[in-house]
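The values are calculated or read from the model by the stated rules, or taken from the named source; none is laboratory data. This one's a predicted model, so the numbers in the text were calculated from it and none came from an experiment. Neighbour counts are summed over all protein chains in view; Cβ atoms, including those assigned to glycine, are modelled from backbone coordinates with ideal geometry.
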């Protein structure tokens, strides 16, 4: 079944220059990039995105980490994309 999924390359992956390798791995699995954007997640966006973890002890560190630098957000499409 054709599915779509969201993938985030987090700030450490961007800093380490892993964008190309990560994209290549998904392409080798047969997934297609539908959309891709480099961005910096704002604190309010991060708090909303990770709101399911708001009551957990790591929440504050998670928000700090994801807002610490640029991320790459991608929508991938393909057979069983969610489980790849």
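When segment 51-77 is filtered for residues that are surrounded by 14 or more Cβ atoms within 10 Å (Cβ to Cβ) and out of contact with any helix residue (DSSP H, G or I) (no Cβ under 9 Å at 6 or more places or on another chain), the ones remaining, listed by number, are 73, 75, 77.
Which residue pairs have Cβ atoms under 7 Å apart, sit 6 or more places apart or on different chains, and have a first residue in segment 51-65 that is over 18 Å from residue 12 (Cα atoms) and a second that is modelled with pLDDT of 95 or more and assigned to a helix (DSSP H, G or I)? Listed pairs, sorted by first residue: 53/59; 53/62. Please go through segment 34-50 and pick out each residue that is loosely packed, with under 14 Cβ neighbours inside 10 Å and farther than 12 Å from residue 70 by Cα. Across segment 34-50, the qualifying residues are 34, 35, 43, 44, 48. Residue 57 meets all of the listed conditions (1) outside any helix (DSSP H, G or I); (2) within 14 Å of the chain's Cα centre (by Cα); (3) over 16 Å from residue 4 (Cα atoms) but one, namely (2). For segment 1-24, a tally of residues being free of Cβ contacts under 8 Å to residues at least 60 places away in the same chain and either over 27 Å from residue 63 (Cβ atoms) or surrounded by 14 or more Cβ atoms within 10 Å (Cβ to Cβ) (or both) returns 8.
The one condition from (1) farther than 13 Å from residue 8 by Cα; (2) within 15 Å of the chain's Cα centre (by Cα); (3) surrounded by 13 or more Cβ atoms within 10 Å (Cβ to Cβ) that residue 80 does not meet is (2).
Looking across segment 1-31, the residues that are assigned to a helix (DSSP H, G or I) and either under 13 Å from residue 73 (Cβ atoms) or touching a strand residue (DSSP E or B) at 6+ places or on another chain (Cβ under 8 Å) (or both) come down to 11, 13, 14, 19, 22, 23, 26, 27.
Checked against the criterion of being within 12 Å of residue 66 (Cα to Cα), under 12 Å from the mean Cα position of the chain (by Cα) and modelled with pLDDT of 95 or more, the candidates 9, 22 yield just one match: 9.
The sole residue among 73, 35, 81 that is touching a strand residue (DSSP E or B) at 6+ places or on another chain (Cβ under 7 Å), assigned to a loop (DSSP other than H, G, I, E, B) and in contact (Cβ under 8 Å) with a residue 12 or more places away in the chain is 81. Scanning segment 25-40 for residues that are in contact with a helix residue (DSSP H, G or I) (Cβ under 8 Å, 6 or more places away or on another chain) and under 21 Å from residue 62 (Cβ atoms) returns a single hit, 38.
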